[in-house]
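Undergrad: Just passing along the structure, written as structure tokens.
Laboratory data are not the source of any read-out in this text; all were calculated from the coordinates shown. A quick note: this is a predicted structure, and the numbers were derived from the prediction, not measured. We place every Cβ from the backbone using ideal geometry, glycine too, and count neighbours over all the protein chains shown.
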Amino acid sequence: MIPDPKRHRPNTRSNGPATGSALGSALKKKAPPGPVYEKGIEYWDKVDASVNGVLGGYGEGPVPHIEQLSSRLLLLSFIPSLSPFPNPLTPVPPSAPAHRRTVLDVGAGIGRVTRHVLLPLFDDVVLLEPVDKFVREGYRAASSGEWRDLPSLTAEGDDDAMKEQKRRLDEQQKWITEGNGKGKRVRFIKRGLQGLDPRFPVDEQGEEIGLVSSPSGLGEKEGCMADEIVYDVIWCQWCLGHMSHPDLVTFLKTARKALREGENGDNYIFVKENCCDDAPGGVGQEFLDEEDSSLTRSHQKWVDCFHEAGLEVIREAVQQGMPDELFVVKT
């Protein structure tokens, strides 16, 4: 599959100094066109529901592993109590809170980030994705026992596969009995971000796909199954480009209200996206990719959005180990 061009730099060359800006005619207009939600869905409907598909052809090399590890380390650096065991980054992890730690994964695709980054650290994940085949593939894989943190004896397979499922269930139950966790759950919801209130993700625009849970988590009403959900973390990765500036600011304001109050302030919104260059003078800018109807924003443009939404930028990190031909990825 040809790598997705929307993440490629339009203003750099592999050899020699960077060329001048070539961001496209949209920037020359007084009112640049914004993304069209329906066009974005139409584009992703044509993409394979696989890691390689959602990563634009970069899913079969080192990129997924490097990117996932960096995200987990970043989360642990902000919230050390997420660590399930002592490690060099957190030799003595603080005690976990009594509540079910809950995270929202928006524009989650087939659940790659939920599966490899969020679920190992949190108790509950609300997985939100507007593309039907993506969210249903994620639900299928999780409910069939393919996700390590959600083993299931109802999964099909040969004797060795079923023995492995039982071993993982026993391991998880021992972990819970020893007070090291509460069991894992993922709630799959088909929905876009426009007009979303994260506290009530299933509305007239949202469709409940299903809940996948470890046995110990089935009966608990709090966390992802609460009537009004509050989150310890809201994770946004490679999806906010499909929102116009006003829609993005509105979403960020609403997302801020959905964060859990108190708890030592360990509640954050993480945004991980590609960034193009700022305009001369450090002015924020954005350009529209007509193919998938998404905006690529510059660093300052993102900062402008955050400030307009009343958010404070605590830290920024550049994702290392990405191919040179891609836009820089920042969290």
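Undergrad: So what J values fall out for region 43-51 if you push phi through Karplus, 6.51 cos²θ - 1.76 cosθ + 1.60 with θ = phi - 60°, rounded to Hz, Gly and Pro as x?
TA: Along region 43-51, the couplings run 4, 6, 4, 8, 9, 4, 7, 8, 4 Hz.
Undergrad: Output the peptides 59-71, 314-326, 283-295 sorted from most to least packed, where packing is the average of other Cβ atoms within 10 Å over each peptide's residues.
TA: Answer by packing, highest mean first, reads 283-295, 59-71, 314-326.
Undergrad: Tell me, in nm to one decimal, what length is gained between residue 314 and residue 66 on full extension, where the rule is 0.36 nm per residue of separation less the Cα-Cα distance?
TA: 87.0 nm
Undergrad: Over the Cα atoms of region 34-330, what radius of gyration and what Dmax do you get, in Å?
TA: Here Rg and the maximum Cα pair distance are 18.9, 64 Å.
Undergrad: At 20 °C and 1.002 mPa s, what whole-number value in µm²/s does Stokes-Einstein give for the translational diffusion of region 236-325, with Rh from the Kirkwood sum over Cα pairs?
TA: Approximately 149 µm²/s, per Stokes-Einstein.
Undergrad: Enumerate the amide H contacts of residue 125 below 5 Å, restricted to partners 5 or more residues apart or on another chain; note that Pro and chain-start residues carry no placed amide H.
TA: Placed amide hydrogens put 103, 185, 186, 187 under 5 Å from residue 125.
Undergrad: Given the options 135, 329, 215, identify the residue whose Cα lies farthest towards the positive end of the charge dipole of region 34-330 (+1 on Cβ of Lys, Arg; -1 on Cβ of Asp, Glu).
TA: After comparing all options, I get 215.
Undergrad: How many Å³ per residue does the convex hull of the Cα positions in region 192-300 occupy?
TA: Convex hull of Cα atoms, per residue: 147 Å³.
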